[in-house]
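J.: Dumping the structure here so I can ask a few things about it.
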Amino acid sequence: MPSPLSSCPPPRPVEGPCEPPAPDGLACSLTVPAAPYSGQIARGAVRSVLHAYRLDALAPAAVQVAGELIAATWDLEPGRSLYLSVRYRDDALRLSVYDGHAPHAHPRLAAHCEARRRAGLRVMAAVVRDCGGVWGFGESREPGGGTRTWASLPRDGAVGYLPAR
């Protein structure tokens, strides 16, 4: 007789129609290698997640921002991993990338690194500005340390980013 502690519970039957998840429940994360092709993976994942949550109208802005976030961070710590987080709360989409590049203690190195990061995020900054959002970066609170770079896109601004022609 199998032990009740080691057996898996039987699957629950699905009752009624299977509805898509509510947009406010969107919380998705993905880890990709710090490599040039990871931007493509991130863009595809963000597009798919937004479609699953019926937020397709946000895709043009969000896909651009996700690709830019990954592209700007992969070469700071090549060979490591990048962690992408996508969340939708309070009518805004928040995309964050965590990389392993720790802040520099020396002020000149820190200023140089910050300038390099900002330069790599110029396109993303323009998209976020056009959507009426905000972005930034700073020390990551994740256990591995590093840097967290994020962008917040308000729904109304992101929907109007690239209107249908």
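J.: So, of the residues in region 111-142 that are open to solvent by 30 Å² or more (accessible area, probe 1.4 Å) and of a type in the set (Val, Ile, Thr), which turns out to be modelled with the lowest pLDDT?
T.: The extreme case among them is Val123.
J.: What number of residues in region 53-68 are open to solvent by 50 Å² or more (accessible area, probe 1.4 Å) and hydrophobic (A, V, I, L, M, F, W, C)? If you could, list the steps in order and put the result at the bottom.
T.: At the first step, the residues of region 53-68 found to be open to solvent by 50 Å² or more (accessible area, probe 1.4 Å) are 54, 56-57, 60, 64.
Among the residues that remain, those that are also hydrophobic (A, V, I, L, M, F, W, C) are: 57.
Residues meeting the conditions: 1.
J.: Okay, next question. Go through (1) more than 24 Å from Gly145 (Cβ to Cβ); (2) open to solvent by 50 Å² or more (accessible area, probe 1.4 Å); (3) outside any helix (DSSP H, G or I) one by one and return the number of the condition Ala102 breaks.
T.: Result: Ala102 fails condition (1) only.
J.: For the structure I just gave you, tell me whether Thr149 is open to solvent by less than 20 Å² (accessible area, probe 1.4 Å), among the hydroxyl-bearing types (Ser, Thr, Tyr), assigned to a helix (DSSP H, G or I) and touching a strand residue (DSSP E or B) at 6+ places or on another chain (Cβ under 6 Å).
T.: Values: open to solvent by less than 20 Å² (accessible area, probe 1.4 Å): yes; among the hydroxyl-bearing types (Ser, Thr, Tyr): yes; assigned to a helix (DSSP H, G or I): no; touching a strand residue (DSSP E or B) at 6+ places or on another chain (Cβ under 6 Å): yes.
Judged against the criteria, Thr149 is not a match.
J.: Right, something else. Within the bounds of region 72-79, is there any residue that is among the small types (Gly, Ala, Ser), surrounded by 14 or more Cβ atoms within 10 Å (Cβ to Cβ) and modelled with pLDDT of 95 or more? Explain how you work it out, then say what you get.
T.: Applying the first criterion (among the small types (Gly, Ala, Ser)) to region 72-79 yields 72, 79.
Then drop every residue that is not surrounded by 14 or more Cβ atoms within 10 Å (Cβ to Cβ), which leaves 72.
Subsequent filtering for residues that are modelled with pLDDT of 95 or more retains none.
The answer is no; no qualifying residue exists.
J.: Please go through region 3-43 and pick out each residue that is open to solvent by less than 50 Å² (accessible area, probe 1.4 Å) and of a type in the set (Ser, Thr, Tyr).
T.: Result: Ser38, single match.
J.: Give me the pairs, please: first residue somewhere in region 66-88 and under 28 Å from Arg155 (Cβ atoms), second residue anywhere and crowded, with 16+ Cβ neighbours inside 10 Å and charged (D, E, K, R), beta-carbon distance under 7 Å, and either six or more positions apart or on two chains.
T.: Correct list of pairs: Ala66/Arg43; Gly67/Arg43; Ala72/Arg117; Thr73/Asp99; Leu82/Asp99; Arg87/Arg94.
J.: Condition check: basic (Lys, Arg), open to solvent by 50 Å² or more (accessible area, probe 1.4 Å) and not in a strand (DSSP E or B). Does Arg108 satisfy that? Before the answer, list the steps.
T.: On the way: basic (Lys, Arg): yes; open to solvent by 50 Å² or more (accessible area, probe 1.4 Å): yes; not in a strand (DSSP E or B): yes.
Yes, satisfied.
The values are calculated or read from the model by the stated rules, or taken from the named source; none is laboratory data. This is a predicted model, so every value here is computed, not measured. Cβ atoms come from the backbone with ideal geometry, glycine included; neighbour counts cover every protein chain shown. SASA here: full protein model, heavy atoms, side chains in, ligands and nucleic acids out. Shrake-Rupley method; radii C 1.70, N 1.55, O 1.52, S 1.80 Å.
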